[in-house]
Amino acid sequence: MRCETSRLPVCLKLALSMAVAGCGAASNAKPQAPPTTAPVVGDAPAGLAATSTDSTWLETEKKALRLDGVASVEELKAQLTNERLSGVTHLSLSGLMLGADLGRFLAETALTARLLALDVSDNDLGSEGATALASAQHLEQLQELDLGGNEVGDAGVQALAEASHLELKSLNLSGNGIGPSGVEALTGARHLAGLTSLDLSMNPIQTSGAEALARAPYQDLKLLFLLGCDVGEKGAQALANAGTLRRLSVLALSGNAVGDAGASAIAHSPHLTSLTLLDLSANGITSVGALELAQSPNLQSLESIELYGNDLGARGETALRDRFDGKLGL
């Protein structure tokens, strides 16, 4: 199954319990509406996609342009004319697989200077293309950047961390081979301290990466996606203890082996009281963790809690259903 990294929260919701936990629990998951590929004013995909970084779409007047079927950078140059980009604020070049040359072209052309949102996910940019793109001074108005599925690695993230002109609000780095050192560089970038949405799903950031996020100065962060990042129970505990995450409304931690200890830390966190969506699917949580979540005094704002692919036991499931009723996904 091909899963576009820029749509990871949607795909993984149904697949992680099979791919990570190997228990086939996805067969019990509720079907999700497919993500929109070309969002327009008023449109938003359902479920987790409605809050994912590539669907944030700024609260402002917008004109979106999506280019499909472009086979080369030369063809892209021919299509991205002044006339076609007139008034465009949101440009999607997702899935074109144009490689590092795309990053270099976007760094050289001033045609994209008025963009507020840019989606270059699934283009095989690599660290070279990401570094070139990060150097583009004319992208200083950009507030949303989707780099999902480009294998930019730690070197590419380092380039973003050094690009002080990019004061982004929304950043998707899912599926990029980013490790703990890349997260350290990212969280140390002062110009990114204003992020409200961050997606690092399917990167091996591990426990130390989660701990770096817990130390980050993200006072305004509302959406955090860390699906399949191997953060473990200590990583989950670090996030639960992070006072800077007190404004989080979405925390997606599917497939991270957080276990009962991680679930308990989140359940009793005095900082995560604003969560409206919590995804702890495929995390090795048993009835012990289920009871901690069910008895949590702090998860009063939840509108959805997803626990697919965990062996919660009859007692745990009953307690969760009693507490969360229709808000629970099992």
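The values are calculated or read from the model by the stated rules, or taken from the named source; none is laboratory data. Only a predicted model underlies this, so the values are computations on that prediction, with no experimental measurement involved. As a convention, Cβ positions derive from the backbone with ideal geometry for all residues, glycine included, and neighbour counts pool all protein chains shown.
Things to note:
- Residue list for the stretch 68-107, filter: farther than 20 Å from residue 137 by Cβ and among the small types (Gly, Ala, Ser): 69, 71, 72, 78, 86, 87, 92, 94, 95, 99
- Scanning the stretch 134-141 finds one or more residues that are closer than 22 Å to residue 82 by Cβ, buried (at least 18 other Cβ atoms within 10 Å of the Cβ), in contact with a helix residue (DSSP H, G or I) (Cβ under 6 Å, 6 or more places away or on another chain) and without any contact (Cβ under 8 Å) to a residue 40 or more places away in the chain.
- Residue in the stretch 206-215 that is crowded, with 18+ Cβ neighbours inside 10 Å, not basic (Lys, Arg) and not in a helix (DSSP H, G or I) present: no
- Test: residue in the stretch 274-282 that is on the phi > 0 side of the Ramachandran plot, of a type outside the set (Lys, Arg) and in contact with a helix residue (DSSP H, G or I) (Cβ under 8 Å, 6 or more places away or on another chain): yes
- Of the set (1) crowded, with 23+ Cβ neighbours inside 10 Å; (2) under 22 Å from residue 174 (Cβ atoms); (3) among the aliphatic types (A, V, I, L, M), all apply to residue 263 but (2).
- Single condition residue 313 does not satisfy, out of (1) surrounded by fewer than 23 Cβ atoms within 10 Å (Cβ to Cβ); (2) touching an Asp or Glu at 6+ places or on another chain (Cβ under 6 Å): (2)
- Matching residues, the stretch 127-163, being of a type in the set (Val, Ile, Thr) and under 20 Å from residue 96 (Cβ atoms): 131, 152
- When each of 117, 189 is tested for being modelled with pLDDT under 95 and among the small types (Gly, Ala, Ser), the lone residue that passes is 117.
- Residue count for the stretch 187-203, restricted to those that are part of a loop (DSSP other than H, G, I, E, B) and either over 24 Å from residue 166 (Cβ atoms) or more than 15 Å from the chain's Cα centre (by Cα) (or both): 4
- Residue that is surrounded by the most Cβ atoms within 10 Å (Cβ to Cβ), among those in the stretch 145-199 that are on the phi > 0 side of the Ramachandran plot and touching a residue at least 40 places away in the same chain (Cβ under 8 Å): 149
- Residues in the stretch 282-308 that are among the small types (Gly, Ala, Ser), closer than 13 Å to residue 263 by Cβ and within 21 Å of the chain's Cα centre (by Cα): 1 in all.
- Put simply, of 296, 281, 274 the only residue that is touching a residue at least 60 places away in the same chain (Cβ under 8 Å) and closer than 22 Å to residue 242 by Cα is 281.
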